[in-house]
Every structure is written in structure tokens, then in C-alpha cells.
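Colleague: First the structure, which I've put down as C-alpha cells, then a few questions once you've had a look.
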Amino acid sequence: MSADASTELVRLDASVMAAALAAREVSAVELTRAHLDRIAEVDGPADSGVHAFLHVDAEGALARAAELDAARARGEELHALAGVPVAVKDVMVTRGMPSTAGSRMLEGWVPPYDATVVEKMRAAGLVTLGKTNMDEFAMGSSTEHSAFGPTRNPWAADRIPGGSGGGSAAALAAFEAPLATGTDTGGSIRQPAAVTGTVGVKPTYGGVSRYGLIALASSLDQGGPCARTVLDTALLHEVMGGHDPRDSTSLTDPVPAVVAAAREGARGDLSGVRVGVVAELGGTGHAEGFQPGVLQRFAEALDQLRAAGADVVEVSCPNLEHALGAYYLILPSEASSNLARYDGMRYGLRVLPEGVDPAEVTAEQVMAATRARGFGAEAKRRIVLGTYALSSGYYDAYYGSAQKVRTLVQRDFAAAFGQVDVLVSPTAPTTAFRLGEKLDDPLAMYRGDVATIPANLAGIPGMSLPVGLAPEDGLPVGLQLLAPVREDARLYRVGAALEARLHAAWGGTLLDRVPAWTPAGDPAQTTTATTAGASA
């Protein structure tokens, strides 16, 4: 296959790839090899490449692709996505492949089993390319807290790709994979999607199994699909979703009709749909901390929703102003409990203390030495905070109070959905910030999740999709859609309608404007996008 043909293949939508495979216009091996070539071209280490992947399983991917080609040649009935490549966030365990959660604590660990999500994708015939980079144990908003070096944003190498799932989002935007998985604890699917110009969905809590997801905060974590279009995201969601008896929090509901909703929405008609603009998240008069270009593109997207026939109104959720504080008590508390298992005794890293006779080493000393070396600064910060919040005498004042705020947030959403079908806001208050810009100010980093966190506290589904480039820096802006619990399909209908209108207005997709990748430090990758690109 020529280099031009390979480049053309990796830029196709997953739905188009699937159709080409079914028509035998391309083989799974050709498609897989094209993506592996693209990874070899642009990924590389953190100092010179996108660094979206921590592990690439080239041999395994090509072998699986060859099996699928043979099955298709025999006339076997295959899933619609069979042969389409996928990248897996390294927080999902994979049999036979390293699963590190971005941490030295699990460096080199190869699980003997698959996460349910991975198991379902294998059964559907998706070809796993490898594991994507992430903030350590999903603690972060920039992928700078990975123990293996940061991922870079394909739009500009000096910018973050979001977090914690920046590797998956960057792989999509760099055309290294057409589909990817993520997990969303406070926005880790939606915020990376926003800053890379891709699409990401956090399903209703329990809609996608958490079995085999390395836990951060069990009442907040939710796996979900990532892609470059709303329809592709729906196709992956349909594969990932469904009841799993191995997950006690898994819903028994059938997977929502997300693909049908996306196809319906693509017609561009939203007549009768009521859309609520959340006043506290970038609505009129409540824009403090939001970048002007983000608000401009958000307002233009609202105009597109109106043009599609939607009734757009403003609604208030007053308790959302307390959601950020509540989240950063609940998450560290649950994280301190979940991460207690990494003690140097059972699995993962084990470090013996220096200067101590091995015959006299105690379990406490091994635990202290292992955690000191195995956990990064952000993980330690959150573990200490969570342990304090759960300690005797402080539990009710901190963790207990945060759970009460959580209930108030849930009531606010219930009241809002009594008035409208979906809620909208900017996904993130700013575009992608520069690498290193907020590492010394954790609170500034945390405030970037102000719009995404409430959905996790309430367990409702959310989507981010691109709505243009901010005029001041030429970087992607995302719009967030929220729907009631179990109404994930609404996201796809409204999202697909907005996407169709925006693509028509732009004359293509936002990712058509991603600059050609050059190594980090090259002036071409450390400047803002062109004036033409910023006008999207």
C-alpha cells in the first residue's frame, strides 16, 4: 500500500472503515498496518512525539486482523465493527498486555484476564492496537501526571491533551486510531475530547461495566467510548454497554438505542426538543473564569441548535457551585481506600527500604518504601487528602458533608430535567493550556473540571463534541451535553444534529484542520493555529 493510500485510510471515520471492510474494499490487515505505520510515524517518546501510547501490540494486532480477514473470506457472519482498530486506555486491564494505569506501581504488570469492556470489544472483532497514556491512576486533567511522561496535543505540541485520558483523545486527533476507550471520574473522557476536537461520552453510571477497570473512585468511575464523530462514538458505545453480573453496580437495562438516535439526529431536525443552558456553567451572567473564545463558540453552537428547531432556554442549578469542593473530598476519600491495596505485598511494585537488614525488615517499612517510590506527587497528594477526610473526627465534617452536597446536585439536575430534555454548557472553561503551566498550582488544575464534575456526582450521562476553534488561540472548543439517567440516547440525537449542522457550515470536520505533526519544540507545533483554522 502506498504512503498516500495509508494516510487516506487512517483519516476515515470508523463507520466508513467498517463499510469498506464489509465490502472487501480493504482488509483488516491493511487497515491495521496503516494505523501501526501512523503510530510509528508520529507517536514516539514524550520529548519528540505525541506519546499517546504506552504499549503498542503490533504483532498481536496484525495476527488478530489476519484471523478476521480469514473469517470474512470463509463467509462467517461478523460484527459490523469487526476489523476496525481501537486503542484502550491503560486503566482497563488487558490479558497478555501490560496494564499500568500510568503508574510505576504497576509497571510491567501483565494481567491474566480482560476487563469486561475489552472482552466485549474482542468478541465484536475490534483490533486492539495497544494501551494509551493517562494520568497516574486517572488522577489529573492533563496527562502530565503519567509516570511515563506526558502526552502532547496534536493541535500544538506545547499544549496538554486533557486528562486523565489524554492518550486516547490524542490518538484519535493524531489519526493513530479511529476508536478509543476512556474512563470518566470527573471529566476524564469529556475534557480531553474538548481540547483535542474529538467526541467523548460518559454513559449513565452503571451503563458500562467497571469490571477490570483499575479503580480510582468507585462511586464516580465510568468507562465510555471515544471517537472522532458522534456516530462512531455510538457504535462503540453499543459494543461496550450492557449488564455485567461481575459488576455489582451494573445496570440490568438493555443498551440504549444510541446508534439509532445518532442516525436520527444526523438529519439535523430537533423540533420539539427543549435545551437548557446551565446558568452556573457559562450561561448568561455566569461566565467568570471562562475564556472569551470558548463562550463565543458556545453561543454560536446554541444558535445552531435553535436553527435546528430546538427551544433553547436558561435553567439554574444553584448547588453546582459547591460540586467542585464536594468532588475533591469524595474522590480522594475513595481513592485512599482503593489505592490501599498497593502495599508492596500482593502484586505490583515492591521496594525494600535502604539501610535496613533484610532479615529485620518489617511490613510497614516495605509498604512505606514501595509507596514512596511507586506513587507520583499527585497520587500522594490525593491519598493524603482522602485519608485525612476519612479520619476519626473529620469524617462527618468533610466526607459526610460532601455526600450531602452530592444529593443537592442530584436534586438540581432532577429539577432541571423536569423543564428540559437536555442540558448544555461549555465542556471546559478554557482551551488546552500549555504543558507545565498549572503543575505548580493544583487548585487551578482542579478548577478546569468545574463543568464536567457535576455529571459524575449525579451519575447522569454526558457528551462532549467539538464546536469550533477559539479565535484567540486557534485551539478546539467543546460543548457538553447532559441528559437524565438512562437517557443516553438523547445525547446522541442532539449531538449528531449539532454536529451535522456544524460540519455543513465548516465544509468538513474540525479535525480536517489539525496541522501536520512535527516533533515537540519545532516552531510549527508551538504556535497557534492559522487564522483560517481559528475561524471555524
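The values are calculated or read from the model by the stated rules, or taken from the named source; none is laboratory data. Keep in mind that this is a model prediction, so the values were computed, not measured. For neighbour counting, all protein chains shown are included, and Cβ atoms are generated from backbone atoms with ideal geometry for every residue, glycine included. Accessible surface is based on the protein model in full, side chains and every heavy atom, while ligands, DNA and RNA are left aside. Shrake-Rupley method; radii C 1.70, N 1.55, O 1.52, S 1.80 Å.
Colleague: Relative contact order for the chain: what is it in percent, counting Cα pairs under 8 Å that are at least 6 residues apart?
Modeller: Normalised by residue count, the contact order of the chain is 17 percent.
Colleague: Quote to one decimal, in nm, the extra length available between Ala73 and Arg24 on full extension: 0.36 nm per residue of separation minus the C-alpha distance between them.
Modeller: Net length gain for the segment: 16.7 nm.
Colleague: Still on this structure: Applying the Karplus parametrisation 6.51 cos²θ - 1.76 cosθ + 1.60 with θ = phi - 60° to the phi angles of segment 459-471, what ³J(HN,Hα) value in whole Hz is obtained for each residue in order, glycine and proline being reported as x?
Modeller: Values, residue by residue: x, 8, x, x, 10, 10, 9, x, 10, x, 10, 5, x Hz.
Colleague: While we're on this one: Only sites in a loop by DSSP and with at most 10 other Cβ atoms within 10 Å count here; which trypsin sites (Lys or Arg not before Pro) in segment 1-56 make the cut?
Modeller: Arg24
Colleague: Using a simple charge model, +1 on the beta-carbon of Lys and Arg, -1 on the beta-carbon of Asp and Glu, nothing else, what dipole does segment 344-469 show about its Cα centre, in debye to the nearest 20?
Modeller: Result for segment 344-469 is approximately 180 debye, rounded to the nearest 20.
Colleague: If exposed means no more than 11 neighbouring beta carbons inside 10 Å and the site is in a DSSP loop, what's the longest run of the chain without any exposed GluC sites (Glu not before Pro)?
Modeller: 78-287
Colleague: Let me ask you something else. Among (i) 32, 30, 23; (ii) 48, 34, 21; (iii) 39, 26, 22, which one is semi-axes √(5λ) of the Cα gyration tensor in Å computed from these coordinates?
Modeller: Correct label is (i).
Colleague: Return the loop-located chymotrypsin sites (Phe, Trp or Tyr not before Pro) in segment 365-445 (DSSP other than H, G, I, E, B) with at most 14 other Cβ atoms within 10 Å of their own Cβ; answer none if there are none.
Modeller: Tyr394, Tyr395
Colleague: Tell me whether segment 81-236 comes out rounded, prolate or oblate; compute the Cα gyration tensor, take square roots of the eigenvalues as a ≥ b ≥ c, and use a/c under 1.5 as the rounded threshold.
Modeller: Rounded, because the longest to shortest axis ratio a/c is under 1.5.
Colleague: May I ask you to work out the translational diffusion coefficient for segment 160-235 at 20 °C, viscosity 1.002 mPa s, via Stokes-Einstein with Rh from the Kirkwood sum over Cα pairs, reported in whole µm²/s?
Modeller: 178 µm²/s
Colleague: Collect residues whose amide H, placed 1.01 Å from N in the peptide plane, falls under 5 Å from the amide H of Phe433; neighbours closer than 5 in sequence don't count.
Modeller: Close amide H contacts, sequence-distant or interchain: Ile160.
Colleague: List the relative contact order of segment 9-161 as a percent without decimals, with contacts defined as Cα pairs under 8 Å and 6+ residues apart.
Modeller: 25 percent
Colleague: Mind running the shape call on segment 452-508? Use the C-alpha gyration tensor, a ≥ b ≥ c as the square roots of the eigenvalues: rounded below 1.5 for a/c, prolate if a/b tops b/c, oblate otherwise.
Modeller: oblate
Colleague: Let me ask something else about it. Along the Cα→Cβ direction, 7 angstrom out, place labels at Glu314 and Asp441. What is the inter-label distance in nm?
Modeller: With each label placed 7 Å out from Cα toward Cβ, I get 2.7 nm.
Colleague: Calculate one ³J(HN,Hα) per residue across segment 191-208 by plugging θ = phi - 60° into the Karplus curve 6.51 cos²θ - 1.76 cosθ + 1.60, and present them in order as whole Hz with x for glycine and proline.
Modeller: Using θ = phi - 60°, the values come out as 5, x, 4, 4, 7, 10, x, 10, 10, x, 10, 9, x, 3, 4, x, x, 10 Hz.
Colleague: For the chain, compute the number of Lys pairs whose alpha carbons are separated by less than 18 Å, excluding pairs fewer than 8 positions apart on the same chain.
Modeller: Lysine pairs meeting the criterion: 6.
Colleague: Taking 7 Å along the Cα-to-C-beta vector as the label spot, tell me the Ala504-Ala363 distance in nanometres, rounded to one decimal.
Modeller: Output for this residue pair reads 6.6 nm.
Colleague: Leaving ligands, DNA and RNA out of it, work out the accessible area of His145 with a 1.4 Å probe and give it in Å² to the nearest 10.
Modeller: 40 Å²
Colleague: Rolling a 1.4 angstrom probe over the protein chains, ignoring ligands and nucleic acids, what is the accessible area of Ser271 in square angstrom, nearest 10?
Modeller: For Ser271, solvent-accessible area is about 70 Å².
Colleague: Further question on the same structure: Which cross-chain or sequence-distant (5 or more) residues have an amide H under 5 Å from the amide H of Phe53, H modelled 1.01 Å from N in plane?
Modeller: Asn133
Colleague: Restricting to DSSP loop positions (anything but H, G, I, E, B) with no more than 11 other Cβ atoms inside 10 Å of their own Cβ, which trypsin sites (Lys or Arg not before Pro) remain in segment 329-360?
Modeller: Arg346
Colleague: Under the classification rounded if a/c is under 1.5, otherwise prolate if a/b is larger than b/c and oblate if not, where does segment 1-141 fall, given a ≥ b ≥ c as square roots of the Cα gyration tensor eigenvalues?
Modeller: oblate
Colleague: Give me the distance between the Cα centres of segment 173-239 and segment 429-495, rounded to whole Å.
Modeller: Centre-to-centre (Cα) distance: 12 Å.
Colleague: Right, next: Around Ala379, with a cut-off of 11 angstrom between Cβ atoms, what is the net charge of the other residues, counting Lys and Arg +1 and Asp and Glu -1?
Modeller: Local charge sum for Ala379: +2.
Colleague: Oh, and also: If you place +1 on the Cβ of every Lys and Arg and -1 on the Cβ of every Asp and Glu, how big does the dipole about the Cα centre of segment 38-109 come out, in debye to the nearest 20?
Modeller: 160 debye
Colleague: Near the amide H of Gln480, under 5 Å away, which other amide H atoms are found, from residues 5 or more places off or on another chain, if H is placed in the peptide plane?
Modeller: For Gln480, whose amide H was placed from the backbone, the distant partners under 5 Å are Ser425, Thr427.
Colleague: Here is a further query. Specify the inter-centroid distance of segment 309-334 and segment 341-371, based on alpha-carbon positions, in whole Å.
Modeller: 41 Å
Colleague: Okay, helix-only estimate at 222 nm for the chain: each DSSP H run of n ≥ 4 adds -39500 (n - 2.57), divide by all residues, round to 500 deg cm²/dmol; what do you get?
Modeller: Helix-only estimate at 222 nm: -11500 deg cm²/dmol.
Colleague: While we're looking at this one, here's another question. When the chain is fully extended, how far beyond the present Cα-Cα distance does Ser401 get from Ala377, taking 0.36 nm per residue of separation?
Modeller: Value of the extension gain: 6.0 nm.
Colleague: Starting at the first residue of segment 130-147, write each ³J(HN,Hα) from the Karplus equation 6.51 cos²θ - 1.76 cosθ + 1.60 with θ = phi - 60°, in whole Hz, x for Gly and Pro.
Modeller: Karplus-based 3J(HN,Hα) across segment 130-147 equals x, 10, 9, 5, 6, 5, 3, 6, 6, 9, x, 10, 8, 6, 7, 8, 5, 5 Hz.
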